[in-house]
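The values are calculated or read from the model by the stated rules, or taken from the named source; none is laboratory data. In this text, all values refer to a predicted model and were calculated from it rather than measured experimentally. Because the Cβ atoms are built from the backbone with ideal geometry, glycine has one as well, and the counts that use them run over all protein chains shown. Surface accessibility is based on the protein's heavy atoms, side chains included, excluding ligands, DNA and RNA. Shrake-Rupley method; radii C 1.70, N 1.55, O 1.52, S 1.80 Å.
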Amino acid sequence: MNFVNNNFKSAIDKSDDYKAVIKQFSEDVTSFATSFHDDASVKSNWGHQYFCNDDGGRLIFDLNKPHEHVCCVCNKVYKGQPYDGVWTYMYRNEAIVEALKAATLYYYTKDNKYREMAMKIIGFYSDNYKNFVIHNKEDHEFDSIKDMDWGCGKIMPQGLNESILTIRIVQSLELIQGDELKDFIEGVKKNLLYPMVELLVPQVNMIHNIRVWNIAAIGAVALYCDDSKLFDWCYNSEFGVRAQLNTGVTEDGFWFEGSIHYNFFLLEGMISLMMLSEVYNHPFEEKEKTILNHMLERAYMYAFDNDILPNPNDGWPNLNLKTFSYVYHMAARVFGEESNIGNIIKLIENGDDVRTTLPLSESIYSKNGMALERLLFNTDFDYSKFTKINRTSYNYQKSNFAMLKNDKLNLFVKYGLNGPSHAHPDVLNIEVAYKDVLISRDISNAGYQSALCNKWHRKTFCHNTVICGGDNITTRSPGEAKLTDNKIVAFHSDVYENIENQSFTDHTDKIESHSELFKDIDYKRECVIHEDGFEDTFSVSSHNKETKDYIFHIESQFNYVGDLELLNKVDNLGYDNNGYQYLENIVEINGNEVKLSNGSLELSLSFIVPVDGKLYMMKTMDNPVSTKRVSFLVRSNEENPIFKMNLKCKEF
């Protein structure tokens, strides 16, 4: 298989859309390469530090302002470290992106000026790689690979980002190579690619999404350099391709860490390697190819019908299938236009939704419209011919997810976890969509170093579940669920299980064990969907009269229908941490029914409040916090309360 599809040039010449991408890439590359400058003595810093602490908005990367970093939400200006270092990381990422664009332009035009631009950028890092200091995202420096901690990079702040660069460099070289470049390419192999491999190999030490990227980068170098021994290590070693896919992917076709974003992020790295393995005649074995095919098929099926993806656990907000169309394009290059994956990418490309971008590790798109991968690999597809797929209700039992669907209402349930990595404390959380409208979504999180990430986004209160005693759920264990066409019954026992001195996620502070009051608290949630809404019954079984708060969030475009001035204002709900400190405009609802509207859809919510309970409405932070959600809280002090809500939708 060739790296680029056979009709690449002729297809571009026949399409105004493709020619517009070429024109845009040419402008981008020429502008960047003309002023390209880097310094090996300057260290890079971690991208997750490039977020505003006040609202969770990402800072704006401006090529012309390396020492001024402005929040995209509130315009607050950040200066100094670590922000300057993150700018350096983003600049270097942009440099390799532009090198890959230049290589693509050379392949299309055969104009040597584009080849020289790619060589200028890659050549700098090849000539200077030995001069970059080994360091990690914690900003620790190391004298040698033997002494380094896990997770180090040289050009970049961690091995993950170094791996992404490595793959893009190999792809660029594949596009510009020729006999006349033999000396240049041999120098890059010796001075850059193999030293990158030397840095990355010790970091492959477990089943994890980052290690997949390390493996993918090492494998890309092995294939490009015709190093069969190194490729065999990538595929068959203890944490190689075979182990990562057969151990890390559930039977449902989902990456075990339980995040939609990381599921696709892992797929990007692994499918990059699978595609290159076809190009260099070392194809993946059928078992591993089947796993990747299954993951992509299932990902399409667990999306809402509007192509927006559910968003459990760590990741970025508002993801949709178009966010990851480039992953499907790479896979379609391997599986072919007539495959299920070929059909799915056509469905995605023909969707009406606008692609959601990623704040970090973004792929290469022309004005957020067309992926570089479509341009390189699938310009010869006939995108007008596709077969619709009926996405139905399904229980992903090994992944602790379920999706309930009918013609109008989609309801996603997360009922457990497969471990602490990238986990959020929100078992029995739900997300809801009606036709094209999101009613309630998981807002995911800001960058890991943003203050709001751990103070709000990773708190139980931020999700649609029940929180006991104002404290965060601690379980990291699987749950159980039974599903019929319109009903799910999900259960999780001991949701406040006793966990001492263990991190809830990869990045949060340690949590201490809970008191005896929190032992043996069990949750059961039953959701029944109808054509115009759903019924929610949430049962708590405990042995204490600690406060139990049932929480349900409504998307920010909906507003309360009624006069807020007639409602009783409440100063606080009795807790001052775990997210309660951020509640605004708290009011007590007299009665049990409320209505909200977004102008075209009216929501009627009817609550059955426990005998001793109260119903509150408030504003809570969205992601970013420039918008606020309408949130409801039903409080009870019963040992075994049953919370009930009925939500109906009415179109104007």
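Numerical summary
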item: Mean separation of Cα contacts under 8 Å (6+ apart) over length of segment 351-498, as relative contact order %; result: 20
item: Kirkwood Rh (inverse of mean 1/r, distinct Cα pairs), segment 171-292, angstrom; result: 14.9
item: For the chain, Kirkwood radius (reciprocal of mean inverse C-alpha pair distance, Å); result: 26.0
item: Loop sites in segment 163-234: GluC sites (Glu not before Pro), DSSP, at most 16 other Cβ within 10 Å; result: none
item: Percent RCO, i.e. relative contact order, over segment 215-374, from Cα pairs under 8 Å lying at least 6 residues apart; result: 19
item: Förster radius 51 Å - calculated FRET efficiency between Lys14 and Val570 (Cβ-Cβ, nearest 0.05); result: 0.20
item: With every protein chain in place, segment 155-286: carbon and sulfur % of accessible area (1.4 Å); result: 47
item: 0 to 90° range, to nearest 10: angle between helix 325-335 axis and the chain longest Cα axis; result: 60
item: Stokes-Einstein D (µm²/s) once Rh is taken as the Kirkwood radius of segment 535-635 over alpha-carbon pairs, at 20 °C in 1.002 mPa s; result: 147
item: Neighbour cut-off at most 14 other Cβ (10 Å), DSSP loop, trypsin sites (Lys or Arg not before Pro), segment 294-371; result: Lys367
item: Summed residue charge, Cβ within 14 Å of Met274's Cβ, Lys/Arg positive, Asp/Glu negative; result: -2
item: Spacing of the two label points (7 Å from each Cα toward its C-beta) at Asp232 and Asp407, in nm; result: 6.0
item: Between segment 568-602 and segment 519-564, the alpha-carbon center distance in angstrom; result: 13
item: Simple spin-label estimate for Glu138 and Glu588 in nanometres, 7 Å along Cα-Cβ; result: 4.9
item: Candidates per GluC sites (Glu not before Pro) in segment 303-350, loop by DSSP, up to 13 other Cβ within 10 Å; result: Glu338
item: Surface accessible to a 1.4 Å probe, per residue, for the residues of the chain, Å²; result: 38
item: Contact order relative to length of the chain, as percent, for alpha carbon pairs under 8 angstrom and 6 or more apart; result: 10
item: Counted charge near Cys74, where neighbours are those whose Cβ lies closer than 11 Å (Asp, Glu -1; Lys, Arg +1); result: -1
item: Surrounding net charge for Tyr224, when Lys and Arg each add one and Asp and Glu each subtract one, Cβ distance under 15 Å; result: 0
item: Segment 1-114: Cα Rg divided by the 2.2 N^0.38 Å rule of thumb; result: 1.34
item: Where Ser366, Ser626 fall by accessible area, highest first, once all protein chains stay in place (1.4 Å); result: Ser626, Ser366
item: Entries in Lys76/Lys405; Lys76/Lys595; Lys487/Lys569; Lys113/Lys367 that, when Cα-Cα distance is taken, lie over 32 Å; result: Lys76/Lys405; Lys76/Lys595; Lys487/Lys569
item: Whole-Å distance, taken between Cα centres, linking segment 1-72 and segment 122-137; result: 20
